[in-house]
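Just so you know, all these numbers are worked out from the coordinates, no wet-lab data involved. Computed from a predicted structure; not experimentally measured. When we count neighbours, we look across all protein chains shown, and the Cβ atoms used for this are built from the backbone with ideal geometry, even at glycine.
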Amino acid sequence: TMLGVITTDALVKSDVWRKMVQIAVNRSFNQITVDGDTSTNDTVIALASGLSGSTPISSINCNEAVQLQACLDAVMQGLAKSIAWDGEGATCLIEVIVTGAESEVKAAKIARSVASSSLVKAAVYGRDPNWGRIAAAAGHAGIPFHQNNLHIMLGDILLMDKGQPLAFDRAAAGNYLKKAGETHGTVGIYISVGDGTGSGQAWGCDLSYDYVKINAQYTT
Amino acid sequence: VASSVNEPSNYIPAAPIFIPEGPWKEIPGGITAAKGFKAAGIYGGLRAKGEKPDLALVTCDIDATAAGAFTTNMVAAAPVLYCKKALDISKVARAVLINAGQANAATGDAGYQDVLECADTLAMMLKVKREEVLIESTGVIGQRIKKEALLNAVPRLVNSLTSSIDGALSAAVAITTTDLVSKSVAIESQVGGTNIRVGGMAKGSGMIHPNMA
């Protein structure tokens with residue numbers, strides 16, 4: 001289960017605040033995954049006191065709303081990433097960034113498909129730069145794209161370009177994953193699927209033996 | 001020597017928080033960084049093991065504009081059903097009460113009555129309307145909350161409220177379950193030329209694939 005409470009002293013009208021919170025949730029908590037199981041209790045409550053003395057925000061399109069939305073996105077993304085980093089049994093955070101999609105929503109869906117793939121997660125735990133699993137997970141997200149436009153990077157190592165697998169430095173890529181695991185750091189997976197302007201992010205963690213241990217012992 | 005063995009940070013460390021870069025600065029304070037908010041986290045006897053804090057309360061001194069996002073799992077926990085109704089009735093809220101230990105999910109009508117009783121008790125103490133009290137629960141699915149323990153702890157919880165950083169940190173620890181770290185953050189930025197603050201806390205480690213609406 002994930003729970004969250006967000007507070008701000010910005011002054012914002014109720015209907016605008018509710019829209020802003022849903023947008024921020026979609027860009028943060030709804031883009032994380034640890035084990036693919038959606039809880040019965042997931043909740044985010046966001047409260048705005050208005051006590052900062054800021055200009056009242058009554059439209060989601062005004063400059064002030066854009067500024068507050070960015071702050072809300074940042075706080076929720078920071079917390080969301082911490083949840084993924086702290087995933088049961090995890091040794092590292094996986095950050096997936098997708099660009100070149102037709103829209104933010106489509107890019108986000110591809111990113112989450114990769115972050116939630118058990119095979120990708122297990123490969124990261126095995127320190128295996130498995131571009132094929134990444135490509136497959138992107139491809140089954142339900143978002144159409146031409147596979148000849150697929151471009152995959154692991155950290156700063158290019159694994160696939162224009163749909164073609166490359167002769168990358170496997171040892172360097174493996175070491176990148178190993179170092180992230182040893183330091184409980186971050187593994188970056190960067191994917192491009194075309195020339196669109198849509199980009200999106202998702203966060204997950206690797207899948208270790210400890211995940212099974214923890215959940216075999218924690219009864220529900 | 002000055003730190004007490006019961007300080008929340010002694011139970012679990014704080015998480016690294018990965019705030020994206022932007023026109024803001026990270027500040028201490030978590031959920032109490034923004035003006036008007038107080039928080040507390042105490043041990044109320046709800047957890048099956050240990051004495052890590054398990055009850056958190058966040059309050060606002062005035063009516064706060066309230067929004068919520070909730071699981072779209074069709075088997076939603078009693079506090080989720082309650083909060084959705086409360087936010088349908090009221091655009092503002094004054095308090096969020098959170099317990100760890102029992103999720104109060106798949107507990108039927110009895111679980112829902114437990115939520116109402118907890119909300120009523122806190123609303124009475126804070127002198128606010130029931131629908132201005134929101135409830136979140138986390139822990140073992142299928143178990144009702146340890147209501148007597150919770151209700152007995154409410155006066156102590158209210159008396160522990162503080163606008164200090166400690167209040168925010170203790171609340172962030174109190175909502176954790178299998179988490180290895182607590183998650184709390186605050187930033188300050190400008191909106192229309194005025195400094196504003198946004199803070200937050202979260203918990204989560206397993207059963208994580210949110211689809212909230």
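Things to note:
- Leading residue by the ranking (surrounded by the most Cβ atoms within 10 Å (Cβ to Cβ)) among those in the stretch B:58-76 that are of a type outside the set (A, V, I, L, M) and at the interface with chain A (Cβ under 7 Å from one of its Cβ atoms): B:Cys60
- Considering residues of the stretch B:10-41 that are surrounded by fewer than 21 Cβ atoms within 10 Å (Cβ to Cβ) and outside any loop (DSSP other than H, G, I, E, B) only, the residue nearest to the chain's Cα centre (by Cα): B:Ala14
- Positions within the stretch B:53-83 being charged (D, E, K, R) and part of a strand (DSSP E or B), in sequence order: B:Asp61, B:Asp63
- Subset of the stretch B:114-145 [assigned to a loop (DSSP other than H, G, I, E, B) and over 17 Å from the mean Cα position of the chain (by Cα)]: B:Lys127, B:Val128, B:Lys129, B:Ile141, B:Gly142, B:Gln143, B:Arg144
- Selection count, the stretch A:37-74, where residues are part of a helix (DSSP H, G or I) and either more than 7 Å from every other protein chain (Cβ to nearest Cβ) or farther than 25 Å from B:Tyr82 by Cβ (or both): 11
- Options B:Arg197, B:Arg130, B:Arg156: the member that is basic (Lys, Arg) and surrounded by 24 or more Cβ atoms within 10 Å (Cβ to Cβ): B:Arg197
- Matching option when the condition is in a strand (DSSP E or B) and buried (at least 24 other Cβ atoms within 10 Å of the Cβ), among A:Ile110, A:Ile94, A:Ile83: A:Ile94
- Filtered residue count, the stretch A:2-18, keeping only those that are facing another protein chain (nearest Cβ under 7 Å) and in contact (Cβ under 8 Å) with a residue 24 or more places away in the chain: 11
- Answer residue from the stretch B:87-113, given it is outside any strand (DSSP E or B) and of a type in the set (Val, Ile, Thr) and is surrounded by the most Cβ atoms within 10 Å (Cβ to Cβ) among those: B:Thr107
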